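Remarks on the structure that follows.
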Amino acid sequence: MMPWYQLPLFSIRRAALTLMLPAAFLGAIAFPNQLQIATAQTSGQTSGENRPIQIKSDIQEYDAKTQVATARGNVQMVYAARGIQATAAQAQYFSKERRIVLSGNVYVLQQGGNSIRGETVTYLIDNGRFVVQPKAGRQVESIYIVNDSQVNQATSPAPATAPFQRSN
C-alpha cells in the first residue's frame, strides 16, 4: 500500500469530497435558521425578484376576480426574504395592491428581534412599511432592539431628566 502523499491527486480529492459533503449536509440540517438568514442577507432584494410569502391557517380561500387571498384561523405567516414572521386570526393578501392585512391579535416578529403587537397590521410590501392599529381603547406595542455598541463610551452620562408625563 502506498503512503497517502504518493496517491494520485484524484483519489485525495475524492476522499476529501466524500468527507466534506456529509459534514456540509449535516450543518445545513442542524442550523437551518442560520442558512436561511445568510441566504436572505446575501441575495439582494431587488423589485424584479419573486419571493414567497408562506401562509398557514385553518381555512383559506382565493377570489380570482379581486385577486385577494384570505386565510382564517390560527394564521401563521412567514416572509423569509424580509425576515418577517407573524401570527393573527386572519390575513388577507391583496396581490394587486401588494399589501397584506393581518387582523385579530396580531404579533409580528422581524429578524433581529423587533416586534409589533396590535389588532390590525397592514404591511405595504413595496415600501417595507407597517401600519398598526390597536383595539378600541388600547394601544399598539412595539419593541425595537437597539445596538448600544455604537455609543461612544467617552461621552459623559446624560443629565437626569424629569419623569415622563403624559399631556392631553
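Each reported figure results from applying straightforward, stated rules to the coordinates on display, with no laboratory input. Note that the structure is predicted; figures quoted are calculated from it, not measured. Here the Cβ positions follow ideal geometry from the backbone for every residue, glycine too, while neighbour counts run over all protein chains shown.
Key figures for this structure:
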quantity: J(HN,Hα) series, the stretch 98-106, from Karplus relation 6.51 cos²θ - 1.76 cosθ + 1.60, nearest Hz, glycine and proline x; calculated: 6, 9, 10, 10, 9, 9, x, 6, 7
quantity: Trypsin sites (Lys or Arg not before Pro) within the stretch 94-139, DSSP loop, no more than 12 other Cβ atoms inside 10 Å; calculated: LYS96, ARG98, LYS135, ARG138
quantity: Extension gain, THR66 back to GLN85 (0.36 nm per residue minus Cα-Cα distance, nm); calculated: 4.3 nm
quantity: Full-stretch length increase - LYS56, ARG138 - with 0.36 nm per residue and alpha-carbon distance subtracted; calculated: 26.7 nm
quantity: Full-stretch length increase - ASN74, LEU124 - with 0.36 nm per residue and alpha-carbon distance subtracted; calculated: 15.8 nm
quantity: Estimated FRET transfer efficiency when R0 is 35 angstrom, pair LYS96-ASP148 (beta carbons, to 0.05); calculated: 0.25
